[in-house]
Amino acid sequence: MGTLIAIFALLGFVGIEAAAINSTWGGLYPRESASREVKSLDGLWNFRLAPLQDPDKGFREEWYSQPLSLSGPVISMAVPSSYNDVTQDKDLRDHIGWAWYDRTFIVPQRWQADKQRVVLRLGSAHYNAMIYLNGKFLTAHEGGHLPVMAEITTGVVYGQENLITVAINNTLTPTTVPQGKIVYKNDPTRYPDGYFVQEYNFDFTNYAGIHRPVYIYTTPRTYIDDIVVTTDIDGTDGIISYNITYESLDARKTSLRASGCSIKLLDKNGAHVKSAMGCVGSIKVENATLWWPYLMDENPGYQYTMIVAVSDEEGNLDLYPQKVGIRVVGWNSTTLTINGVPAYLRGCGRHEDSDIRGKGVDYPLIVKDFSLLKWLGANSFRTSHYPYAEEIMDMADQEGIMIVDESPAVGLSGFGEELMNNHITVMKELVRRDKNRPSVIMWSVGNEPVSNQPAAKDYFRSVVGATREADSTRPVTCVLNKGALLEFAASSLDIILVNRYYSWYSDTGHLEIIEQQTITEFTEWHLLHNKPVMISEYGAGSIAGFHQDPSFTWTEEYQAELMMNNFKAFDSLRSKGFFIGEMIWNFADFATPMGATRVAGNKKGIFTRNRQPKLAAHFLRSRYLSLANATNTETISSCAQNIRF
């Protein structure tokens, strides 16, 4: 709550009360059912920026009180998308501060006649959002990547045009997640008056905008608020445990009887499997079809559908379809298991990133990316370095791709109490959003914190503890990059993930030492903490089409040869029994801020930004398919050694 107020103060606007910043639950994803109707507000919205040197102008002049076009010039802006790269305007691309969107929509008259509850939901807005309906403040949300919702039943005008206005701010501060800071250049001989830049400790473009779908949807007046599902396995049977919570718009109805809830379980083809009554309970599925990762079973990603129903004494009936994958994640000091079977993660780090639309949800790109992941033989990826769109997560559930679900806490330092409280809030929201997903097999509380600061010890003990309290069915990790003997976060984790770029950022060009250095360090991590360990990033940059023999930095050959030397180390570490996975950095080239060390972005992708394979992709495909088919360490090692340039 304090973060958004701090941004207002930083930019000179303090007109919103702290109590107004109140949204911490994005609700169940809008899905149509016999009782729910969903209407998309995606498309072209009106858009304009607040002036850099007068950031509170839109609030002071109340741009939200009438159509944005009456406040000054507007342009069309695609929703969902990042606003940065869709025009030829450098000021738009590089803007820091408030940006304003609006559009009109009509709510059907029959929704009022049917006494429906009406809800507005934004999948995400980066990073902080103020939302208005028909000129009145509706709700706000701190941080990007996670959904915000508001009930608008009494705020809309039925059968007529309504105006929704969204102001978003991409300013980062030392207490936001992720962190950043505004640096004012106060030398009048070198910079204009009031000149400032934003600095942040992460290596990807700080895209901004309404990045995910915007919906209005209906529920009955008594409605399902949340569904919590956990699963277990008993022999050949599956156990689905559930807890249904519900609310009512009618003040006199503070609760429902337990008999007001019922469950109908359907198989993948829609055939009835089981039924149950009660808002809390469990269902035993005889000879259950389990959820398995890709290439770990002939039928990966299998999901049942729970049709959850809630009714009340007045005949209101709400129905919601909840997907369920029956699977169990287990872990100990050396191993990660899926359904009792040791799992080895073959994957990559990724970004929500593509040309023109930035981080905006793009359905063709989602299909393409999962097609490429399966072509590689990958079974997993990290949502580096923030929660991904729910539409991407749906695809992971469906395709059997395991997910390390990561918060936007990248490059954290300082570790003060306000930052910690904001971080814990983000983790609770993330767990609540993704708790029912079978693809999510691990929570990551962040990436590359400055964890050699002593304050990191208590900080991560608290954040990890709060995450475990929110969900105890999955291990909690954090992606580390400090030395094993010099950092303070690993002791709190269940599984240790480490980023290492041997022969790229250190000993550049000396590929022959990768194997020794990797084996030495990752063995040290396990011996020090007695926990499973995996490499979460390794790799090298390459320019597509740049070739040289012998290999040289930035060539496709160097990237591939670096991978091959890492593979030798990984096979040796696997034989030791504690090394549980490998994820290359990165799936595809991606955009970064301008800088002397980046040429039109980060080029560590095994695919180009437009998803064409580099030489490295073919080597990784051979590696991952060999790992998927291997039955023992010797076979895996032999497969790797038999690949030659």
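The values are calculated or read from the model by the stated rules, or taken from the named source; none is laboratory data. Since the structure is predicted, the reported quantities are computational estimates derived from the model, not experimental observations. Neighbour counts are summed over all protein chains in view; Cβ atoms, including those assigned to glycine, are modelled from backbone coordinates with ideal geometry. Accessible surface is based on the protein model in full, side chains and every heavy atom, while ligands, DNA and RNA are left aside. Shrake-Rupley method; radii C 1.70, N 1.55, O 1.52, S 1.80 Å.
Assorted remarks:
- Residue pairs meeting the criteria (Cβ under 9 Å; at least 6 apart or on separate chains; first at positive phi, in the stretch 519-541; second open to solvent by less than 10 Å² (accessible area, probe 1.4 Å) and assigned to a helix (DSSP H, G or I)): Gly539/Gln559; Gly539/Leu562; Gly539/Met563; Gly539/Asn566; Gly539/Ala616
- Within the stretch 15-44, restricting attention to residues that are aliphatic (A, V, I, L, M) and open to solvent by less than 60 Å² (accessible area, probe 1.4 Å), the residue that is modelled with the lowest pLDDT is Ala18.
- When Gly278 is tested against (1) small (Gly, Ala, Ser); (2) over 15 Å from Tyr246 (Cβ atoms); (3) modelled with pLDDT under 95, just one condition goes unmet, and that condition is (2).
- Subset of the stretch 419-461 that is out of contact with any helix residue (DSSP H, G or I) (no Cβ under 6 Å at 6 or more places or on another chain), farther than 30 Å from Ile240 by Cβ and assigned to a helix (DSSP H, G or I) - its residue that is most open to solvent (accessible area, probe 1.4 Å): Asp458
- Residue check, Val367 over 30 Å from Asn299 (Cβ atoms) and of a type outside the set (Gly, Ala, Ser): no
- In the stretch 373-391, the residue that is surrounded by the most Cβ atoms within 10 Å (Cβ to Cβ) out of those that are hydrophobic (A, V, I, L, M, F, W, C) and farther than 14 Å from Gly349 by Cβ is Ala389.
- Qualifying positions in the stretch 69-96 - assigned to a helix (DSSP H, G or I), more than 31 Å from the chain's Cα centre (by Cα) and in contact (Cβ under 8 Å) with a residue 12 or more places away in the chain: Ser69
- The stretch 275-309, subset in a strand (DSSP E or B) and either open to solvent by 60 Å² or more (accessible area, probe 1.4 Å) or among the aromatic types (Phe, Trp, Tyr) (or both), residue nearest to Leu627 (Cα to Cα): Tyr304
- Considering Gln109, Gln116, the condition of being in contact (Cβ under 8 Å) with a residue 24 or more places away in the chain and open to solvent by 40 Å² or more (accessible area, probe 1.4 Å) is satisfied by Gln109 alone.
- Given (1) open to solvent by 10 Å² or more (accessible area, probe 1.4 Å); (2) closer than 14 Å to Arg500 by Cβ, number of the condition His547 does not satisfy: (2)
- Asp405 vs. criteria assigned to a strand (DSSP E or B) and either among the acidic types (Asp, Glu) or open to solvent by 20 Å² or more (accessible area, probe 1.4 Å) (or both): yes
- Residue selected from the stretch 356-372 under the condition assigned to a loop (DSSP other than H, G, I, E, B) and among the basic types (Lys, Arg), by the criterion surrounded by the fewest Cβ atoms within 10 Å (Cβ to Cβ): Arg357
Every residue, every condition in (1) over 27 Å from Arg350 (Cβ atoms); (2) aliphatic (A, V, I, L, M); (3) part of a loop (DSSP other than H, G, I, E, B); (4) touching a residue at least 40 places away in the same chain (Cβ under 8 Å), yes or no:
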{"site": "Val156", "(1), (2), (3), (4)": "yes, yes, yes, yes"}
{"site": "Leu163", "(1), (2), (3), (4)": "yes, yes, no, yes"}
{"site": "Thr173", "(1), (2), (3), (4)": "no, no, yes, yes"}
{"site": "Ile182", "(1), (2), (3), (4)": "yes, yes, no, yes"}
{"site": "Pro188", "(1), (2), (3), (4)": "yes, no, yes, no"}
{"site": "Gln198", "(1), (2), (3), (4)": "no, no, no, yes"}
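- Flag for Phe552 being touching a helix residue (DSSP H, G or I) at 6+ places or on another chain (Cβ under 9 Å), under 30 Å from Gly414 (Cβ atoms), at pLDDT 95 or above and surrounded by fewer than 23 Cβ atoms within 10 Å (Cβ to Cβ): no
- Any hit, the stretch 131-138, residues being touching a helix residue (DSSP H, G or I) at 6+ places or on another chain (Cβ under 8 Å), at pLDDT 95 or above, in a loop (DSSP other than H, G, I, E, B) and open to solvent by less than 10 Å² (accessible area, probe 1.4 Å): no
- Residues within the stretch 578-587 that are out of contact with any helix residue (DSSP H, G or I) (no Cβ under 8 Å at 6 or more places or on another chain) and in a strand (DSSP E or B), tallied: 3
- Scanning the stretch 172-193 for residues that are closer than 30 Å to Met420 by Cβ and of a type outside the set (Lys, Arg) yields Leu172, Thr173, Pro174, Thr175, Thr176, Val177, Pro178, Gln179, Gly180, Ile182, Val183, Tyr184.
- Residue count for the stretch 59-86, restricted to those that are open to solvent by less than 60 Å² (accessible area, probe 1.4 Å), within 29 Å of Ala389 (Cα to Cα) and either out of contact with any strand residue (DSSP E or B) (no Cβ under 7 Å at 6 or more places or on another chain) or of a type in the set (Gly, Ala, Ser) (or both): 4
- Any hit, the stretch 363-383, residues being touching a His at 6+ places or on another chain (Cβ under 8 Å) and touching a residue at least 12 places away in the same chain (Cβ under 8 Å): no
- On inspection, Tyr64 qualifies as over 30 Å from Thr305 (Cβ atoms) and of a type in the set (Phe, Trp, Tyr).
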